Structures are given as C-alpha cells and as structure tokens.
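I have a structure here, written as structure tokens, and I will follow up with some questions on it.
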Ligand code: CP3
C-alpha cells in the first residue's frame, strides 16, 4: 500500500465502506439521509438570509453544513451538502428551490427542443463542488464522504412537471406515449449524472448514492423497459467506489433495483429488511430503514424499533443503518445523537 503520512487514516477500513462491500464490521455503521439540514439549529444559523442554491455554490458553507451532523451525531459517513438539481442549474436550466416546496423549473421540458438544450456537464461548471470536497476530505479524516446525484427518473419528473408532483402524470405521459423522446431525455440526464458523480469521486468522495426518490410510482415491468438501461449505465460508469441505490415506495421494485448494479440497495420503512434481502437477492448490502417519523416518538419507542431494524438487518450480507427516508425537519437532534450511540453499542 505504500507509506502512510503521519495522521493519515485508512478510509477503506471504515465501518461504512466495509459494510457497503459486505465485509465484517466492528459495529453497524450509521448515517442519516438529510442529516445535514433543517433539524439542526446550527444549520438554520449559517443559512440565515442565504438562498438554498447560493449555499450549494459556496464552498465554505458546503463544508460547514456537511460537517455539522458529523460533529453533532458522530455518524459513520458524511453526505455532501448540495441538492439533486445543482448540476441542472449548473448547465443553465432556469430553476430554483422554493422553501417548503422544493425544486421549481421555469420552463418545463416537454419536447425534443427542450431535451436537446440539456448540454453535457463539465467539471468547470461546478468548481465549488470540487473545491468543497477537496477541503472536506481533509477535515473529515477517517470519515468517508458520500457523493450523490438524483436519478434520471426523479430529475426528469422535476424537469417535465416543472416542480414537485403527486402522480407524475406528464412524466408518465411522455414515458408511455413518446418512448423515443423519453429515452433521449433519460440518456441526456444519465450523462450529466455520470459526470457529476465522477467529478465528486475525482475530488475525494469515497462512495456515491443515487437518489431515485420518486421511482416508486413506476411498475416493475415499466422500470425494466424505461429506466433500468439508464441506471445500469450510471452504476457501470462509477464502479470504482461503493454505489448505493435508493428510492421511496420501492417495495415492488427491490428485485429490479438490485439488477441495476449498485452494491447497496436502500430500503424505505415499508418493507422489513429481512424481507427486502429476499427480494433484492444475494450479493447486495442493504441500507435502512427506520421510519423517520418514529424519531418524533419517545426514546423508548425509538429504541425498540431500532433494535428491530438491526435484528432484521442481520439477514442482509451487509447492513448500513439509516432512516427509511430523510430526517424530518421537526426531529429533535438529541434523538438522532442517542440513536447513533445506540446503533454503535448494539
Ligand atoms: O443531508 C443530506 O442529505 C444532504 C443534502 C441533501 C439535500 N437535498 C439538501 C436540501 C440531499 C442529499 C438532497 C437530495 C434531494 N433533493 C432529493 C433526494 C432525497 C430525498 O429526500 O428524497 C430530492 C427529492 C431533492 C429535491 C428537494 N430539494 C426537495 C424535495 C426539497 C425540500 C423542499 C422543502 O423545503 O420542503 C429540497 C430542498 C432542500 N434540499 C433542503 C435541503 C437541506 C431544504 C432547503 C432549505 O433548507 O432551505
């Protein structure tokens, strides 16, 4: 392995990366989706008067906000502070993130002209990402940094609908009604996603997570036809680090998600991990899956439910403890700190 600098920590031996690779771990590693953000008073303090997308383009803020949950909770991994729409903004898509709403796109994409206007992403489009990750890898020491991107379906839904959507009507209308156009859009977005993940890996991210948050709206056969070729290409293109694949409401999709090629499949709270392990099949680690709302209940309930998640997680070849979706803004940070300590002890 060559010589080690004084103080250099071997990241590869971290519990998080070992669990992703289905290797034995000293304790179950734990981190939380949306651990950086609205549940933390120190987050609100540094974000005061700073729009979300401005924060995402400011290296000092990215570094500080990424570090906040690591300091406070002692989690086993940091997730890069950003948003899934940042690379789209960076190639010139006119969009904003509205507080309490989410991403809003000024001119929704509905035709070939709109799709062809999505140009490829280049490292020079997101210099703040590279700069922040380089600074973070120094600050984090032995704690791995997770880079991430939105998956083509979830990004496509925001672009086509123009904002958050309950039923993804227009998105599905294009998928079923104009399959050529659909695949063209998915291909464009996949190229952007691959480049964005590669930029983060090149700068020092030790793992990547693909967020397909809204893909649970799609039936398994349709996933196979309209989405799988694209997610497969993405995972094939970033095979040099552990890859996590996550979506919400994906109980019926867990098998086909396993086929997309990630090392770790994220599971929401609806399917217990032992059942999820059966559905995903061998050769995968699992991530999840405490219902984030359980953290709003008294500690005794959290402890009982977390114990259950850990017990069922033993059925998986590797288990990264997480919530079934993001931390809710009203969560008491003390509950998350206590939960982290509990998972480490057990
Ligand atoms: O801690 C982390 O997970 C890192 C940061 C992160 C954010 N967004 C910060 C953020 C990550 C990984 C994301 C991913 C993301 N963004 C997803 C996938 C994950 C998921 O939760 O399903 C999605 C669907 C988005 C799109 C998006 N951006 C939504 C739905 C929202 C919430 C809107 C709201 O205010 O309710 C955002 C905004 C956003 N992204 C915030 C944060 C901290 C809140 C904005 C703020 O604090 O002003």
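All of the numbers you see were taken from the coordinates with simple rules; none came from a lab. Keep in mind that this is a model prediction, so the values were computed, not measured. Every residue, glycine among them, receives a Cβ derived from its backbone with ideal geometry; neighbour counts consider all protein chains shown.
Which pairs turn up if I take residues in the stretch 40-62 that are farther than 19 Å from residue 90 by Cβ and touching a residue at least 12 places away in the same chain (Cβ under 8 Å) and look for partners that are within 10 Å of the ligand (Cβ to nearest atom) and assigned to a loop (DSSP other than H, G, I, E, B) with beta carbon separation below 7 Å, at least 6 apart in sequence or on another chain?
43/36; 43/37
So, of the residues in the stretch 227-255 that are under 17 Å from the mean Cα position of the chain (by Cα) and part of a loop (DSSP other than H, G, I, E, B), which turns out to be surrounded by the most Cβ atoms within 10 Å (Cβ to Cβ)?
250
Please go through the stretch 99-118 and pick out each residue that is surrounded by 13 or more Cβ atoms within 10 Å (Cβ to Cβ) and more than 20 Å from the chain's Cα centre (by Cα).
The answer is 105, 108, 109, 110, 112, 114, 115, 117, 118.
Sticking with this structure for a sec: So which residues in the stretch 211-226 are away from the ligand (no atom under 16 Å from the Cβ) and either surrounded by 19 or more Cβ atoms within 10 Å (Cβ to Cβ) or part of a helix (DSSP H, G or I) (or both), if there are any at all?
Residues satisfying the conditions are 220, 221, 222, 223, 224, 225, 226.
In this structure, is residue 37 in a loop (DSSP other than H, G, I, E, B), within 13 Å of the ligand (Cβ to nearest atom), without any contact (Cβ under 8 Å) to a residue 40 or more places away in the chain and closer than 23 Å to residue 294 by Cα? Quick ask: steps written out before the conclusion?
Values: in a loop (DSSP other than H, G, I, E, B): yes; within 13 Å of the ligand (Cβ to nearest atom): yes; without any contact (Cβ under 8 Å) to a residue 40 or more places away in the chain: no; closer than 23 Å to residue 294 by Cα: yes.
The answer is no for residue 37.
Sort out which residues of the stretch 50-73 are more than 13 Å from residue 131 (Cα to Cα), in contact with a helix residue (DSSP H, G or I) (Cβ under 9 Å, 6 or more places away or on another chain) and within 12 Å of the ligand (Cβ to nearest atom), and write them in order of number.
50, 53, 54, 55, 65, 66, 67, 68, 69, 70, 73 - these are the residues of the stretch 50-73 that are more than 13 Å from residue 131 (Cα to Cα), in contact with a helix residue (DSSP H, G or I) (Cβ under 9 Å, 6 or more places away or on another chain) and within 12 Å of the ligand (Cβ to nearest atom).
Check off (1) within 16 Å of the ligand (Cβ to nearest atom); (2) under 17 Å from the mean Cα position of the chain (by Cα); (3) assigned to a helix (DSSP H, G or I) for residue 295 and give me the number that stays unchecked.
Answer for residue 295: the failing condition is (2).
Given (1) touching a strand residue (DSSP E or B) at 6+ places or on another chain (Cβ under 9 Å); (2) farther than 22 Å from residue 111 by Cβ, identify the lone condition not met by residue 198.
Unmet condition: (1).
Answer yes or no: is there a residue in the stretch 256-271 that is assigned to a helix (DSSP H, G or I), out of contact with any strand residue (DSSP E or B) (no Cβ under 9 Å at 6 or more places or on another chain) and closer than 20 Å to residue 317 by Cα.
yes
Restricting to the stretch 163-189, name every residue that is over 16 Å from residue 112 (Cα atoms), within 14 Å of the ligand (Cβ to nearest atom) and either in contact with a helix residue (DSSP H, G or I) (Cβ under 6 Å, 6 or more places away or on another chain) or free of Cβ contacts under 8 Å to residues at least 60 places away in the same chain (or both).
165, 166, 168
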